[in-house]
Amino acid sequence: MKFLNAIILVLILVVSLLACRQEDTGGKSNQPVKMSSLVQKEAWGKLADGSPVDRYTLTNKHGLVAQITNYGGIVVSLMTPDRNGKLGDVVLGYETLDEYVKDNPYFGCIVGRFGNRIANGQFEMDGKTYKLAKNDGENHLHGGLKGFDKVVWEAIPDTSKGEASLNLTYVSPDMEEGYPGNLEVRVVYTLTHNNELKITYFATPDKKTHVNLTHHSYFNLTGNAQRDILDHVLSITSNGFLPVDASLIPMGTLTSLNGSPFDFRKPKRIGLDINAEHEQLKIGHGYDHCWLLSSIKTGNMKNPAATVYEPISGRFMEVYTTDPGIQFYSGNFLDGKYKGKGGVVYQDRWGFCLETQHFPDTPNRSQNEWPSTVVMPGSHYSSTTIYKFAVK
Ligand code: BGC
């Protein structure tokens, strides 16, 4: 009898503890707030000026999980299964907001107003020179000193279509980082039930301006970054790439790929040619170049722009985009400087980026040379990119 009483007492204790925990989640504590079965929200810290920052957890029906913060729209983690069904995190990054604020080599963020470089940090439009922030030697990189990767976005989760989406909006003021026009930006992340991280970008200016938005996850498909990315097998559906000068600005000429280390038309190990004797690989310390996608004229997403396979885990990623180009960056400047999630120190080439975008330095090119990045007042910029996960 005594034994039965003890069991009943323990049961009552466990039930009341659980009830307390559930009440907590509705309050203002750091406990996650379940917004639906697909999205959770939790307070993730504050910036120095007191702005609160949240972290959202999106799930799909196959168990994929994406954690995204409204600071910089950063994808903090992305859990996908390996061929044995074991989940692993396929993006590099940090565990805390403070680390992202302190020193982030663009891990996982939204990049804007203009992804990639603009030569000499300036461009001319309608006879006027616009001087931009120079944050990469003499050049402007990824939107400047405080680009879209360092601002707090307004976040609204949406599950109305039966999938987890996060709507992020930000109004970039006229002349921010030197760009003309107020720009209303909306980026929607959706974790679809097809195992895709889908990103749609929209932007509307009130003055003529340039826009080129992209996403900067460093992927490592081994899961939890176990080693470098040199054994990942990459293909890029492209007919050429843009060679760059010493400051990584395209020299303008489209170089054919035939047999060069830049030829990824057939799937090839990233490490196979990365150290080959090639001037362009020396300049980039590896791959840090923009490829011209074969879908450049159509912008359709029928075929993948790129695919990546990691043979040990079996993870396979496809990239689809409406953009004309893709910057393949092989993580050449990680250099052991960043201690990431789980205490893993990211060395050179421990992550790669596939940044879908317009071509670098387009604002300084003639209108007919490359697809334009000009957006007129009242008209809309939009693009879509999908990172789709599977196993082989
Ligand atoms: C650029 C690299 C740069 C990296 C991190 C990439 O998008 O292509 O040159 O080092 O971002 O800033």
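The values are calculated or read from the model by the stated rules, or taken from the named source; none is laboratory data. Since the model is a prediction, treat every value here as computed from it, not as a measurement. With ideal geometry, Cβ positions are generated from the backbone for all residues, glycine too; neighbour counts draw on all protein chains shown. When the accessible area is computed, the model is the full protein with side chains, heavy atoms only, and any ligands, DNA or RNA have been set aside. Shrake-Rupley method; radii C 1.70, N 1.55, O 1.52, S 1.80 Å.
Given the residues L197, L183, L213, which is the only one that is surrounded by 23 or more Cβ atoms within 10 Å (Cβ to Cβ), of a type outside the set (F, W, Y), farther than 22 Å from R117 by Cα and at pLDDT 95 or above? Reasoning before the result, please.
Working: L183 fails: farther than 22 Å from R117 by Cα; L213 fails: farther than 22 Å from R117 by Cα.
Unique residue meeting the criteria: L197.
Sort through V171, V188 and tell me the only one that's open to solvent by less than 30 Å² (accessible area, probe 1.4 Å), free of Cβ contacts under 8 Å to residues at least 40 places away in the same chain and out of contact with any helix residue (DSSP H, G or I) (no Cβ under 9 Å at 6 or more places or on another chain).
Details: V171 fails: open to solvent by less than 30 Å² (accessible area, probe 1.4 Å).
Checking each option against the conditions leaves just V188.
Considering only residues that are open to solvent by less than 60 Å² (accessible area, probe 1.4 Å) and without any contact (Cβ under 8 Å) to a residue 60 or more places away in the chain, which ones fall in the range 137-161? First the steps, then the outcome.
So in the range 137-161, the residues open to solvent by less than 60 Å² (accessible area, probe 1.4 Å) come out as 139-144, 147-149, 151-153, 155, 157-159.
Once the filter is applied, which keeps residues that are open to solvent by less than 60 Å² (accessible area, probe 1.4 Å) and without any contact (Cβ under 8 Å) to a residue 60 or more places away in the chain, the range 137-161 yields H140, L141, G143, G144, G147, D158.
Scan the range 295-310 for residues that are of a type in the set (D, E) and free of Cβ contacts under 8 Å to residues at least 12 places away in the same chain and report the count. Can you show your working first?
Residues of the range 295-310 of a type in the set (D, E): 310.
Right, trim to free of Cβ contacts under 8 Å to residues at least 12 places away in the same chain and you get none.
Adding up the residues that qualify gives 0.
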Quick check on the range 56-91: of everything there that is touching a Leu at 6+ places or on another chain (Cβ under 8 Å) and in a loop (DSSP other than H, G, I, E, B), which residue is farthest from the ligand (Cβ to nearest atom)?
G63
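Going by the structure shown, is P377 in contact (Cβ under 8 Å) with a residue 24 or more places away in the chain and in a helix (DSSP H, G or I)?
Details: in contact (Cβ under 8 Å) with a residue 24 or more places away in the chain: yes; in a helix (DSSP H, G or I): no.
The answer is no for P377.
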For the range 345-370 the number of residues that are closer than 26 Å to Y179 by Cα and either more than 16 Å from the ligand (Cβ to nearest atom) or open to solvent by 20 Å² or more (accessible area, probe 1.4 Å) (or both) is 9
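Would you list the strands (runs of 3 or more DSSP E) that sit entirely within the range 100-182 and hold 2 or more residues that are more than 13 Å from the ligand (Cβ to nearest atom) and small (G, A, S)?
164-172
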Can you tell me how many residues in the range 311-344 are open to solvent by less than 40 Å² (accessible area, probe 1.4 Å), under 25 Å from Y100 (Cα atoms), in contact (Cβ under 8 Å) with a residue 40 or more places away in the chain and more than 18 Å from the chain's Cα centre (by Cα)?
1
